[in-house]
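The values are calculated or read from the model by the stated rules, or taken from the named source; none is laboratory data. Keep in mind it's a predicted model, so treat the numbers as computed, not measured. A quick note on method: Cβ atoms are made from the backbone with ideal geometry, for glycine too, and the neighbour counts reach across all protein chains shown.
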Amino acid sequence: MMKRLARSAGGLLRWETMLIAALVVMCAVFDRQDAARQVAGLAKKDVFNPAVVIKGLRPYMLYSFMTLGIMLILAMGDIDISTGASAALSVAALGVVYQALTGAGIPGGLSLALSLAVCLLTGWLCGAVNGWLVTRFKELFAMIITLATQLFYRGVAYLLLGGKTLTFKNDAAFDLLKRLYNTVQIGDVSLPVMLIAFLAAAACYAVWVHGTAGGRRVFALGTNPKATLYSGIRADRVKFRLFALCGLTGAVTGVFFVGATSSSIRADAMMGYEMYAIAAAVLGGFSTSGGRGSVPGVVLSLVIFGVMKIGLGTLYGFADSMVNLSVGVILIVSTLLPNLLTAAGDALRLRKRRAQANVSSRALTSGSI
Amino acid sequence: MAGTLLEMRRITKIFPGVKALDDVRFDLNAGEIHALVGENGAGKSTFIKALAGVHQPDSGEILLDGRKVAMRDPVTAQRLGVAAIHQHAASYPDLSVAENIFIGHEFMAGPFINWRKANREARKLLDSIGADINPADPVGSLSVARQQLVEIAKALSQNARILIMDEPTAALSKRESEELYAIARGLRDRGVAIILISHRFEDIFGLADRVTVLRDGGYVGTWPIGEVDATALVGYMVNRPIDQFYPKVKAAVGKELLRCEGLSRAGFFRDVSLRVRAGEIVGLTGLVGAGRTEVAQSLFGAERPDEGTVYVDGKAVEIGSPNQAMRLGVGLLPEDRQAEGLLLPWSIKRNITLPSLDRYARGAFLSDGMERTAARGLREQLAIKANDVETAAQALSGGNQQKVVVAKLLATELRILILDEPTKGVDVGSKAAIYEIMSELAGKGIGILMISSEMPEVINMSDRVYVMREGRVSAEFDAEGLTQSRVLEAAMPLEK
Amino acid sequence: MGEIQTETVASSRRAPSGVVSMLARRREILLLGVLLALLTGVSLRVPGYLRNNYMNILKGGSINMVMAAGMLPVLLIGSIDISVASTLAFSGAVAGMLMRDGYIVSTIGMVLTGIAIGGAIGALNGVLVAYGRVLPIIVTLGMGYVTRAMIPMDWLLGLNKIARINLTDSFKVFFLDHYRLGLPYLVWFAVVVTLLTGLFLRFTRIGRRVYAVGSNESAALVRGVHTGGIKTLAHAICGAASGLAGVMWLGYYNSVEKTTASGDEMYVIAACVLGGVAVTGGYGKITGVVIGALMIAMINSAIPQLNVGNSMITEFVKGLLLLAAILLNAGLRRFARRRELLGRRV
Amino acid sequence: MKRALSLVLAVMLVFGVTAALAEERPGDGLLIGVVYKQSGNAYFQAAVTGFEKAAEELGFTFQHDGPDDGSSDGQIRIIENYINQGVDAIAVSANDADALVATLQEAKAAGIKVVSWDAPVAAEGRDLDVEPASSKAIALQLLESISESIGGEGQLAIVSAMATAPNQNLWISFIEEALKGDSAYANIEYVGTVYGDDEYTKSYDETLGLINLYPDLKGIITPTTAGAPAVAKCVLDEGKSIKVTGLTLASDMAEYIKAGVCDATFLWNPIELGYAAAYAAVALVNGDITGASGESYEVPGVGTLNIEQSTALNEAGELAPTDGTISYLNKLNAFTVETVDAWVDIL
């Protein structure tokens, strides 16, 4: 009985629970501030309520798809810092192909479908190249390989677009993409299409990562690659596929990005997104040393980042750069904290044991006299 | 003989969750080789670390030359003349031999290190123990045996009076061991006191003057080496008689399961042909570095051979990956179980089910219940000592960890098992258990290829024995009536 | 069999002859070759390229070189620092602000301030990595966000942008207009920093401990090496170099603002990787780093002059070259290893 | 507790009432969200002072922010925050003319008035654009100045910012047009445009590339405040007798103007620009203007600004009227050896 109680107490301290607690506390603080501002007449209206926050999450969901891809790379103990660049390249391909196809007189709808396919394929290919290099050159780190491909992909994007912005104004077919940034009205709440899409994707990922053999193998690979290989798991194939998938999620991010930025396509898009994604995955419980992490944690961390940025921006008037500062601090603290807690716990247990040992040895000594 | 150099009294050390040392005593004379033995987990390593200043004992005292000293840290221990040569050579692979020897007490010229002098002095030291090693080579490029010689040279350079050798011969060939013995005796004659930790009886009886036994963190006793024999020592170590140490039952030998013809891999082995039949335990022995492990890796698809053909069930197959090997029914128990066999932070259950995950799925989803049932069954079958199957693998003793690796192979229903040093670093009790499992498996018609350096194990557990020498198969024996000397003869390198 | 090897493993050390193997072992030579090849290629298209531009390559490369020299000890201990560019901007901005407000007048004061600020940031990184046990990439990613975000902290420091007008006349001319032996002080800073780093790493005890920690951390710990201290020091050196680079930047460009050097950490790491430094720690030489930094400086200066018609090609070429260099490096080492195995007697 | 609260309320009420009694101002109670291209940029900091000045006069409150990385999605985040807060107007200097359109349309749908300033948003996304001077006027001013500096003959190059920057491209196209069409510039050989991406190093390297590629280069026009100091620095470092002009901040360029690298550089007054944009925003919110062509509004100290049809480059590269409207301040400051010192503390 006691044991079960202890275990459930341990469960309460799990990372996801802490994230939920952090989110709740943050919302409570923001809510108070919101009320205070309204009372003081500083705010024009109720700025912080579920409807506003859910709709306001939109811009912070842009890198969410990429986060799904990158978190599994982290779970394998690798890293991919080229995803922002490969996403930009995918989007550049989307624009260039669409322009070429419509220019050749192919109807807009068909052109859009084809160029979307090319976009996703480009993302997949970029990821696949990373995966191929990483599995083929095991002596090199993924960090170094993707550092090089990052420069390369971005460079190709610049070459493709020639440094210009592609826009498709008043193009009915292409404007369909803008709808990806729309919201769906459900009661009083307008749910962003992107949020719905992400939650659906995250649900699929959660089931796959935590429920199936395939997901288990990913974490195995991050825990001990050699032992996993020797357990008969096709480590290279898993790795290749996950890198390719990561590229694909980058391309999906890119498509939504085009929707968000009113269909304007440029080569410097999504600069640094991979770092946002890594930050979100790490706050969500994925460790860059591999083997650890959960999808619900990542969903929570994305929401936390979004809510935090909304709250700090609208309620406290934090500038964009101050928000970035908070991201940096949270990133460090959220990884430092568990380490400190573990260390403190170990020290405490050790002291307890020592105390017990001293008591028992004293008892022995006194007994022997 | 000189008087007592070192005395350790009532040493107690507590770790979270375990009392590693409980009231242990030990003494050491100058010019003596004193063996310290015990099963894995008996507390030898902790004891040594207390002496070397890595761990601070929670109680007890250490007397050096009759004076009480505190080994606050490794540096203090080193200054007091205690040097440890660790199980896994604790050197810096990227740094040169000379630098490894003199690191921490470099020859300085003003604020700068005098590299020329370091190389010269290193050469002198290495020559003094008869080691022909270039001081400028990076240590990482040396064999394990030579790395240990570097470690010894390093200890000498620090004027060590007490040398701790922790499993020095574990990774050494017979010949290399002999060389090491000679060097150790030379050091003893120079008045250096040596604490020898080893699982090998050859080391203990061939080298030590006295032996101290630890069991479960407690002190059992100390004897001059002449007063004990191997049986008695095992008895002290495990505190239970082992009647049937090699429970080999001859199983019915069936059809051929695995065969290779002319297998070669550049730099490792050449023209290797072997076969394993159902119900058979085939020993593959030879000196370390003879290419045995590499052959196993090639048969398992972990490394690609350059030439040769592998046949499974008489059909030529291409084994390009461990995955293919396992689908053909070939499994490997790797030599380094912690690095290659286990996911240490994972539970016993998850370790066991990893290779056969697809079996525990309902539809697309894994069923925890099915996994647990399977893991529990194997835990019973192999008598893995743990609270339950949710215990993390890293919390287990070496022997039980090895059983988990065996269990995960068994869960896949393989027909051919390659066991690479299955009892290396495993305590006596678990060894017996592993032998029993092997016998049982062979009885079920599984073919086993056992790589081992331990002669008695090879001779007593195998039906047939292959011996490798310098990358080639030098002999094949029927185990019936085989003697150690014949095996050794086939394994030893040809002299000029 | 005439001569028989008794120790197969040990005999593997017998170094195979041949140019390829030599190149694989001495990566710096290979790198120098690539640099020369590039130079030749560019010179063919732009006659007189080197004569007209050697000074610009040196000047343009010196800041990156100083940072790369600082990055070397960090990579040697098996760590990484991706906050160096932000540290550069932050240190440069704060030092510049102190000069603007009259707290610092002398150039040496600026240099020391830059080193101190950068060193403090680096030391904080080091403490978090060594004692907080947070992974270096996370620590420095976070630190990069924090320092970069703090640059326009007009709310705190009244800092906006440091321009020429904020700098003293002597500081403005110090780095570029003072020459010794035909080289401006800016370049001398790079020379001195790389020399000092090289001397420190090769010839001092603490320098060797940096290699020791990267080569086998647990062994170093057992041997009484204060690994935490060494790690902190390595990161502090890196930070200090970036801080100095910040002041050099201010001296070179006379301007530091929020986006200064943004993204340049990738080129710093790239210079080290091109220079053959092992990102796993334990192996790397300052000579390689110097060549790597020069290579990147050369690409930066050459591409605009190649007149390829699309100024967007720079990133593409840099990525391609980096990729080619690391793959070539890996391929050569493999080839050498294969040769070595074939040369072994079995 | 309760008493304290009521006290606060009472005090506030009194202040509110006295304020209201003292003077009824057109901007009272209005909240304006100001978005610029990037935080930490001196130019936009100056523009914000213009908004501050207008806020004091008109009585509105405002917030201002720019993305850390100068990205369009960063601006979208900031605009959405403003929409959530229920601002009455948004005044934006856009990183990308098209990227913000959808978000700003949402703002307009929520009843928010949108003024773009400095860098326009596409017509669909705004109610009015406020610009310092017509593109043509700026381009011709720069060309005339450089032509004067180099004596009307020799090679001329342009160092621009991002290749995607619409206002830059517009100026460049007017310069090119004038070079081709105006006989006054017949002896000037235009060698091309390079892009410094508003990055100091890139601008410097690209300039260096130009100088090496065209040893006889006589003049450089650099219509970007971020790139100009790098261009002038490069010219100075190389010791070439190349003349530089451009749109610059005074504090950045005072050195170079005094060193003779630049005879004159130009800029509108960003403080006035912000000031005018604020007046336009308040006028729009109050319904004094709708942003339609033909209307006009009063900006104290600047004058009456007329709203006219705006023009932009179409796909064929020609300037064509758009659906949007624009009003110009039509005031450009020249920084010369004589005047620059008076400006360094402001710009």
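Some points to look at:
- Qualifying residue in the range B:69-91 (condition: under 30 Å from C:Thr280 (Cβ atoms), more than 9 Å from chain C (Cβ to nearest Cβ), assigned to a strand (DSSP E or B) and of a type outside the set (A, V, I, L, M)): no
- Taking strands (runs of 3 or more DSSP E) as the structural unit, those lying wholly within the range B:228-323 and holding at least 3 residues that are within 14 Å of another protein chain (Cβ to nearest Cβ) correspond to B:256-265, B:269-277.
- Test: residue in the range B:424-437 that is of a type outside the set (Gly, Ala, Ser), more than 14 Å from every other protein chain (Cβ to nearest Cβ), within 20 Å of B:Arg275 (Cα to Cα) and touching a residue at least 24 places away in the same chain (Cβ under 8 Å): no
- The listed residue being in contact (Cβ under 8 Å) with a residue 12 or more places away in the chain and in a helix (DSSP H, G or I), out of C:Ala261, C:Ala220, C:Ala293: C:Ala293
- Scanning the range B:49-81 for residues that are under 17 Å from B:Arg10 (Cβ atoms) and hydrophobic (A, V, I, L, M, F, W, C) turns up B:Ala50, B:Leu51, B:Ile62, B:Leu63, B:Leu64, B:Val69, B:Ala70, B:Met71.
- In the range B:17-40, the condition of being at pLDDT below 90, in contact with a Gly (Cβ under 6 Å, 6 or more places away or on another chain) and under 16 Å from B:Ile195 (Cα atoms) is met by at least one residue.
- The set of residues in the range C:227-256 that are surrounded by fewer than 24 Cβ atoms within 10 Å (Cβ to Cβ) and in a loop (DSSP other than H, G, I, E, B) contains only C:Ser255.
- Scanning the range B:379-407 for residues that are surrounded by 23 or more Cβ atoms within 10 Å (Cβ to Cβ) and either within 11 Å of B:Arg337 (Cβ to Cβ) or under 17 Å from the mean Cα position of the chain (by Cα) (or both) turns up B:Ala393, B:Gly399, B:Asn400, B:Gln401, B:Gln402, B:Lys403, B:Val404, B:Val405, B:Val406.
- Looking across the range C:126-135, the residues that are without any contact (Cβ under 8 Å) to a residue 60 or more places away in the chain and either within 14 Å of chain D (Cβ to nearest Cβ) or buried (at least 24 other Cβ atoms within 10 Å of the Cβ) (or both) come down to C:Leu128, C:Val134.
- Contact annotation: residue pairs with Cβ atoms under 6 Å, 6 or more positions apart or on different chains, pairing a residue in the range B:92-110 that is facing chain C (nearest Cβ under 7 Å) and closer than 22 Å to C:His226 by Cβ with a partner that is among the hydrophobic types (A, V, I, L, M, F, W, C) and surrounded by fewer than 22 Cβ atoms within 10 Å (Cβ to Cβ), are B:Glu106/B:Ile113.
- Of the candidates B:Lys403, B:Lys349, B:Lys408, B:Lys385, the single residue that is farther than 21 Å from A:Met76 by Cα and within 13 Å of chain A (Cβ to nearest Cβ) is B:Lys408.
- Flag if A:Tyr205 is modelled with pLDDT of 90 or more, touching a Cys at 6+ places or on another chain (Cβ under 8 Å), within 28 Å of A:Ala92 (Cβ to Cβ) and among the aromatic types (Phe, Trp, Tyr): no
- Residue match in the range A:55-70 (condition: part of a helix (DSSP H, G or I), aromatic (Phe, Trp, Tyr), farther than 16 Å from A:Tyr205 by Cβ and within 14 Å of chain D (Cβ to nearest Cβ)): yes
- Any hit, the range B:435-448, residues being buried (at least 20 other Cβ atoms within 10 Å of the Cβ), closer than 29 Å to B:Asp271 by Cβ and within 21 Å of the chain's Cα centre (by Cα): yes
- Evaluation of A:Thr183 against the conditions (1) of a type in the set (Ser, Thr, Tyr); (2) within 11 Å of another protein chain (Cβ to nearest Cβ); (3) surrounded by 21 or more Cβ atoms within 10 Å (Cβ to Cβ) shows that the sole unmet condition is (3).
- Within the range C:71-109, considering residues that are assigned to a helix (DSSP H, G or I) and without any contact (Cβ under 8 Å) to a residue 40 or more places away in the chain, the one farthest from C:His235 (Cα to Cα): C:Leu98
- Scanning the range B:352-371 for residues that are facing another protein chain (nearest Cβ under 7 Å) and surrounded by fewer than 16 Cβ atoms within 10 Å (Cβ to Cβ), we see that the one that is nearest to the chain's Cα centre (by Cα) is B:Asp358.
- Test: residue in the range B:326-334 that is within 9 Å of another protein chain (Cβ to nearest Cβ), in contact (Cβ under 8 Å) with a residue 12 or more places away in the chain and of a type outside the set (A, V, I, L, M): yes
- D:Thr245 under 21 Å from D:Thr224 (Cα atoms) and either more than 13 Å from chain C (Cβ to nearest Cβ) or modelled with pLDDT of 90 or more (or both): yes
- The single condition from (1) assigned to a loop (DSSP other than H, G, I, E, B); (2) farther than 22 Å from A:Leu166 by Cβ that A:Ile106 fails is (2).
- Subset of the range A:35-63 [over 22 Å from the mean Cα position of the chain (by Cα) and aromatic (Phe, Trp, Tyr)]: A:Phe48
- Some residue of the range B:465-475 being within 14 Å of chain C (Cβ to nearest Cβ) and not in a strand (DSSP E or B): yes
- Residue list for the range C:188-201, restricted to those being surrounded by fewer than 21 Cβ atoms within 10 Å (Cβ to Cβ) and either closer than 20 Å to C:Ala234 by Cα or not aromatic (Phe, Trp, Tyr) (or both): C:Val191, C:Val192, C:Leu195, C:Leu196, C:Gly198, C:Leu199, C:Phe200
Conditions (1) within 30 Å of C:Ile137 (Cβ to Cβ); (2) at pLDDT 70 or above; (3) within 14 Å of chain D (Cβ to nearest Cβ); (4) out of contact with any Phe, Trp or Tyr (no Cβ under 9 Å at 6 or more places or on another chain), marked per residue:
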{"site": "C:Ala271", "(1), (2), (3), (4)": "yes, yes, no, yes"}
{"site": "C:Gly281", "(1), (2), (3), (4)": "yes, yes, no, no"}
{"site": "C:Thr287", "(1), (2), (3), (4)": "yes, yes, no, yes"}
{"site": "C:Ile291", "(1), (2), (3), (4)": "yes, yes, no, yes"}
{"site": "C:Leu294", "(1), (2), (3), (4)": "yes, yes, no, yes"}
{"site": "C:Asn300", "(1), (2), (3), (4)": "yes, yes, yes, no"}
{"site": "C:Glu315", "(1), (2), (3), (4)": "yes, yes, yes, no"}
{"site": "C:Leu320", "(1), (2), (3), (4)": "yes, yes, no, no"}
{"site": "C:Arg345", "(1), (2), (3), (4)": "no, no, no, yes"}
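- Residue count for the range A:262-287, restricted to those that are at the interface with another protein chain (Cβ under 7 Å from one of its Cβ atoms), part of a loop (DSSP other than H, G, I, E, B) and surrounded by fewer than 23 Cβ atoms within 10 Å (Cβ to Cβ): 2
- Criterion: crowded, with 23+ Cβ neighbours inside 10 Å and either in a helix (DSSP H, G or I) or at pLDDT below 60 (or both) - qualifying residue of C:Gly2, C:Gly61, C:Gly33: C:Gly61
- Of the residues contained in the range B:154-161, one or more are found to be more than 21 Å from the chain's Cα centre (by Cα), within 11 Å of chain C (Cβ to nearest Cβ) and surrounded by fewer than 19 Cβ atoms within 10 Å (Cβ to Cβ).
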